[in-house]
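S.K.: Sharing a structure here in structure tokens format.
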Amino acid sequence: MVLRMKYIHVGDVLKGEMEGKTVMLRGWVHRIRKQKKMVFILLRDPTGVVQTVAKPKAVGEDVYADVQRMLIESLVSMKGTVKADPRAEGGFEVQIEEIRILHFAEEFPITENQSTEFLNDNRHLWMRSRKLTNVLKIRDEVFSSAREYLRKEGFYETTSPMFVSTMGEEGAELFEVEYFGRKVYLTQTSQMHLEPQLFAMEKVFILAPSFRAEKSRTRKHLTEYWHLEVEEAWCDHECNLKRQEELISFMCHSVANNRVDELTELGVDRDRLLVVNPPFDRMTYTEAIDVCQSEGLKIEWGEDLRTEAEHILTDDREKFLFIEYYPKEIKSFYMKNNEDDPRTYKNDDLLAPQGYGEMIGGSERETDAQLIIDNLNRIGDDPEKYKWYIDIRRYGSVQHSGFGVGMDRLMTWMLELEHIRDCIPFPRTVSRIYP
Ligand code: 4AD
Ligand code: MG
């Protein structure tokens with residue numbers, strides 16, 4: 001009689017509830033150790049790695065010969081009995097009764113001690129590594145927890161075009177695209193196409209790529225990164241900061257609580273995520289300049305806070321830090337004027353602890369069409385190009401605020417990764433567009 005069995009996952013075996021039972025598994029050969037009388041196969045699927053063992057009597061001489069010539073990353077399915085075995089990694093071994101080799105792999109190019117460059121050239125294969133698998137599973141949690149929080153708070157998820165005709169943030173960072181004989185750009189931010197949508201839905205967000213022609217080769221810059229942008233009506237600067245700290249805290253807790261095994265394998269202390277709670281620390285830009293100057297940094301009021309300043313401000317900090325009210329010269333034309341200090345806008349950057357840098361840029365938005373036109377004229381840009389964007393301020397202009405989270409930056413901090421490219425399946429940087 002043929003047993004009607006279902007495939008289970010390696011993780012089910014490792015949980016320990018399958019001991020003594022006959023199970024069916026399928027996956028890839030992670031490692032293989034060949035001895036005369038038995039072959040140990042470390043079988044991998046998305047949920048983990050388990051030791052399995054094939055012996056000629058159990059699987060048949062012919063099949064055993066095939067097992068003997070199998071290389072790592074071959075694809076197999078098997079039926080076997082689970083035995084507790086303290087010598088096996090994970091504490092269990094599956095004794096194979098039947099095995100089918102579904103695909104004989106060629107010699108796998110990735111072996112131990114290869115250069116970062118080589119691994120990145122082989123990203124399409126390297127993502128099977130335990131490290132990248134764990135990172136990618138956490139990435140899923142980061143993205144889905146953001147959606148969960150925002151939906152729970154009554155936000156609608158929406159979309160926006162990636163081809164745009166106007167600049168969103170800074171001209172120097174635009175990628176130009178040839179578009180039927182015209183020049184258009186890849187969007188640097190979805191904000192400008194998100195704001196009009198809040199007049200329909202009040203609370204909206206987009207999770208999409210943003211493109212920045214960043215020439216800087218740093219650990220923090222991708223040319224294509226994932227940007228979570230949130231826009232909320234009836235919301236002032238205070239409300240905006242509260243939204244940001246609640247969202248980030250929710251995401252950190254979700255990862256800490258729902259990805260325990262992956263964090264453990266990556267060696268990340270869950271506590272660093274669990275202690276993220278509102279309220280975050282706060283400082284004005286002007287105060288931040290004072291702190292940097294008193295630490296001996298050569299920086300004047302009006303200059304942007306760059307890497308060195310970020311280190312001074314956050315290296316010893318345990319909490320996230322909001323920097324509020326930046327000078328108009330270094331921020332964008334759509335931001336709300338700060339009446340208390342008219343040199344500045346009502347905006348914020350959120351800096352991560354330990355020098356990981358800026359995670360969020362946000363602001364209350366200007367609601368007065370004329371003030372936006374004045375700002376554009378001041379920076380020498382043509383208000384005519386932004387007609388549609390300014391238009392929304394002419395029909396029921398509502399107080400609103402919003403922000404953009406660099407999802408890859410946030411993950412880099414969460415997992416203490418060395419480089420931002422380590423958190424994304426196929427990174428795009430100045431020097432990398434393959435694979
Ligand atoms: O501060 P930015 O430029 O803000 C905006 O684009 C606003 N329009 C967002 C909004 O209010 N809707 O970018 C937002 C965040 C930064 O704080 C940073 O975390 C991330 O995007 N970011 C990058 N991440 C990776 N690689 C890059 N090159 C990035 N540039 C910005
Ligand atoms: Mg910014």
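The values are calculated or read from the model by the stated rules, or taken from the named source; none is laboratory data. Note that this is a predicted model, so its numbers are computed, not measured. Note that we place each Cβ from the backbone using ideal geometry, even for glycine, and neighbour counts take in every protein chain shown.
S.K.: Exactly one of (1) touching a residue at least 12 places away in the same chain (Cβ under 8 Å); (2) away from ligand 1 (no atom under 14 Å from the Cβ); (3) over 25 Å from the mean Cα position of the chain (by Cα) is unmet by Pro342. Its number?
M.R.: (1)
S.K.: Filter region 237-267 down to residues that are within 15 Å of ligand 1 (Cβ to nearest atom) and farther than 16 Å from Lys137 by Cα, then give me how many there are.
M.R.: Of the residues in that region, 9 qualify.
S.K.: Between a first residue in region 195-216 that is in contact (Cβ under 8 Å) with a residue 24 or more places away in the chain and under 14 Å from Trp234 (Cβ atoms) and a second residue that is assigned to a strand (DSSP E or B) and of a type in the set (Phe, Trp, Tyr), which pairs have beta carbons less than 6 Å apart while being 6 or more apart in sequence or on different chains?
M.R.: Correct list of pairs: Met201/Tyr156; Val204/Tyr156.
One line per residue, one yes/no per condition, for (1) within 18 Å of Gln191 (Cα to Cα); (2) modelled with pLDDT under 95:
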| residue | (1), (2) |
| --- | --- |
| Ala288 | no, no |
| Gly296 | no, no |
| Ile312 | no, no |
| Phe320 | no, no |
| Asn338 | no, no |
| Arg343 | no, no |
| Asp349 | yes, no |
| Gly355 | no, yes |
| Gln370 | no, no |
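S.K.: Here's another thing I want to ask about it. It is to be established whether one or more residues within region 102-123 are modelled with pLDDT of 95 or more, in a strand (DSSP E or B) and either more than 28 Å from His419 (Cβ to Cβ) or among the hydroxyl-bearing types (Ser, Thr, Tyr) (or both).
M.R.: yes
S.K.: Could you list all residues from region 136-183 that are within 16 Å of ligand 1 (Cβ to nearest atom), surrounded by 14 or more Cβ atoms within 10 Å (Cβ to Cβ) and in a helix (DSSP H, G or I)?
M.R.: Once the filter is applied, which keeps residues that are within 16 Å of ligand 1 (Cβ to nearest atom), surrounded by 14 or more Cβ atoms within 10 Å (Cβ to Cβ) and in a helix (DSSP H, G or I), region 136-183 yields Arg139, Val142, Phe143, Ala146, Leu150, Glu173.
S.K.: It is to be established whether one or more residues within region 268-276 are among the acidic types (Asp, Glu), within 16 Å of ligand 1 (Cβ to nearest atom) and either within 30 Å of Tyr185 (Cβ to Cβ) or assigned to a loop (DSSP other than H, G, I, E, B) (or both).
M.R.: Looking for residues that are among the acidic types (Asp, Glu), within 16 Å of ligand 1 (Cβ to nearest atom) and either within 30 Å of Tyr185 (Cβ to Cβ) or assigned to a loop (DSSP other than H, G, I, E, B) (or both), one finds none in region 268-276, hence no.
S.K.: Can you tell me which of (1) at pLDDT below 95; (2) buried (at least 17 other Cβ atoms within 10 Å of the Cβ) is the one Gly80 doesn't meet?
M.R.: (1)
S.K.: Just the residues that are out of contact with any Pro (no Cβ under 8 Å at 6 or more places or on another chain) and over 14 Å from Leu132 (Cβ atoms), please, taken from region 413-435.
M.R.: Met414, Glu416, Arg428, Thr429, Val430, Ser431, Arg432, Ile433, Tyr434
S.K.: For Thr189, all conditions in the list (1) β-branched (Val, Ile, Thr); (2) over 21 Å from Arg432 (Cα atoms); (3) loosely packed, with under 14 Cβ neighbours inside 10 Å hold save one; what is the number of the exception?
M.R.: (3)
S.K.: When you look at Lys36, is it part of a loop (DSSP other than H, G, I, E, B), farther than 24 Å from Leu136 by Cβ and without any contact (Cβ under 8 Å) to a residue 12 or more places away in the chain, yes or no?
M.R.: yes
S.K.: State all residues of region 249-299 that are among the hydroxyl-bearing types (Ser, Thr, Tyr), touching a residue at least 12 places away in the same chain (Cβ under 8 Å) and over 17 Å from Leu350 (Cα atoms); if no residue qualifies, say none.
M.R.: Ser254
S.K.: Which of the residues belonging to region 342-381 are outside any strand (DSSP E or B) and closer than 21 Å to Phe280 by Cβ?
M.R.: Lys346, Pro353, Gln354, Gly355, Tyr356
S.K.: For Thr189, state whether it is of a type in the set (S, T, N, Q) and either in a helix (DSSP H, G or I) or within 16 Å of ligand 2 (Cβ to nearest atom) (or both).
M.R.: Judged against the criteria, Thr189 is a match.
S.K.: Quick one: which of Ile392, Ile360 is in contact (Cβ under 8 Å) with a residue 40 or more places away in the chain and either over 33 Å from the mean Cα position of the chain (by Cα) or within 14 Å of ligand 1 (Cβ to nearest atom) (or both)?
M.R.: Unique residue meeting the criteria: Ile360.
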